[in-house]
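Visitor: So that we are looking at the same thing, I have put the structure below in structure tokens.
The values are calculated or read from the model by the stated rules, or taken from the named source; none is laboratory data. Quick caveat, the model's predicted, so the values are computed rather than measured. Reconstructed Cβ throughout: ideal geometry from the backbone, glycine too, with neighbour counts over all protein chains shown.
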Amino acid sequence: MPEGDTVWLAAQTMNQALASQLINRSDLRVPRLATVDLTGRTVLGVRSHGKHLFLRFDDDRTLHTHFRMDGSWHLYSPGVRWHGGPAWQIRALLSTEHVHAVGYRLPVVEMLDDAGVSALCNRLGPDLIIDDVDIVDAASRVRKEGQRPIGETLLDQRVVAGLGLIYVSESLFCEGLTPWLPVDQIEDVESLVQTASTLMRANRHHYIQTTTGQPQPDRWHFVFERAGRECWRCGTRIEVSWQCPPPHRRLAYWCPRCQQGPAPLPLSSAERRALRTTGRSRYKP
């Protein structure tokens, strides 16, 4: 699932292409929106909150989409072949004189009024990617989770918005904490939240998600998807196991030496190979 920096960059790119533009072709290919026609409407702006993307129009309606696992928006100039997938995977199409915005495999496509947008955003935690995010408030929301494991807490978009497995794994490594450490045992929650925010904001202007500052793709991360390899810092083998209860189970990566706190038994070599074979190395089985 794309993390908050990916969605933020998509919103910025779409806003640059669509803001103040008149829609001359509209096609929302989901049953409940089959009769909705945005032709003649002007796009006021495109923004994100966490992993949610909002396109607001001049009739006080907003098109809300969410990428989840496979969705994406693509922008094409007139005359350019669309290559985001087969036509049957298109869920939304918005065209202006200068650009076609094509939404592929979007699992969430809905029209909301202002009250609906506010209700949705109010259910989410503060967006850690914005420059003026209130770290003190965000940390307070995390602390309220009490004995809940910190990895599970940071992945919960109702607590803080935008973080996914990459930035949770990497920020916990940087702070020396295992994902299963209860929140109420963390001394400096504000430092952890600030680290997570800083790492995500550092990557928001490009699609490369590096937390190490290294340019080589195989050195982008400290622990994320590095199970079985040596820790850059201490040489200990990076481990992987499960976190979060079903049906929201996720993988967790950590260095047993650099990160302090409880941890389950790591996955065996056979289990890791099975995950790679099924292509589920990042997400729940």
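Visitor: Taking the conditions exactly as written (more than 14 Å from Gln259 (Cβ to Cβ) and in the same structural domain as Lys144 (by TED's automatic domain parsing)), does Gln185 satisfy them or not?
Guide: no
Visitor: To continue, here is another question. Please find, among Ala139, Ala87, Ala115, Ala92, the residue that is out of contact with any Ser or Thr (no Cβ under 8 Å at 6 or more places or on another chain) and either within 17 Å of Ile23 (Cα to Cα) or not assigned by TED's automatic domain parsing to the domain that holds Gln21 (or both).
Guide: Ala139
Visitor: All but one of (1) in contact (Cβ under 8 Å) with a residue 60 or more places away in the chain; (2) of a type outside the set (Lys, Arg); (3) in contact with a Lys or Arg (Cβ under 6 Å, 6 or more places away or on another chain) hold for Gly45, so report the exception by its number.
Guide: So the condition that Gly45 fails would be (1).
Visitor: Which residues, taken from region 109-128, are touching a strand residue (DSSP E or B) at 6+ places or on another chain (Cβ under 8 Å) and of a type in the set (A, V, I, L, M)?
Guide: Val109, Met111, Leu112, Val117, Leu120, Leu124, Leu128
Visitor: Would you check if Gly261 is over 16 Å from Ser169 (Cα atoms) and at pLDDT 95 or above?
Guide: no
Residue-by-condition table, conditions (1) within 17 Å of Thr6 (Cα to Cα); (2) touching a residue at least 60 places away in the same chain (Cβ under 8 Å); (3) acidic (Asp, Glu):
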{"position": "Arg68", "(1), (2), (3)": "yes, yes, no"}
{"position": "Thr96", "(1), (2), (3)": "no, yes, no"}
{"position": "Val109", "(1), (2), (3)": "no, yes, no"}
{"position": "Ala119", "(1), (2), (3)": "no, no, no"}
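Visitor: Among the residues of region 234-247, which ones are surrounded by 13 or more Cβ atoms within 10 Å (Cβ to Cβ), touching a residue at least 24 places away in the same chain (Cβ under 8 Å) and more than 20 Å from the chain's Cα centre (by Cα)?
Guide: Selection gives Glu239, Val240, Ser241.
Visitor: Follow-up. Restricting attention to region 251-261, does a residue exist that is under 29 Å from Ile135 (Cα atoms), part of a strand (DSSP E or B), within 17 Å of the chain's Cα centre (by Cα) and in contact (Cβ under 8 Å) with a residue 12 or more places away in the chain?
Guide: Yes: one or more hits.
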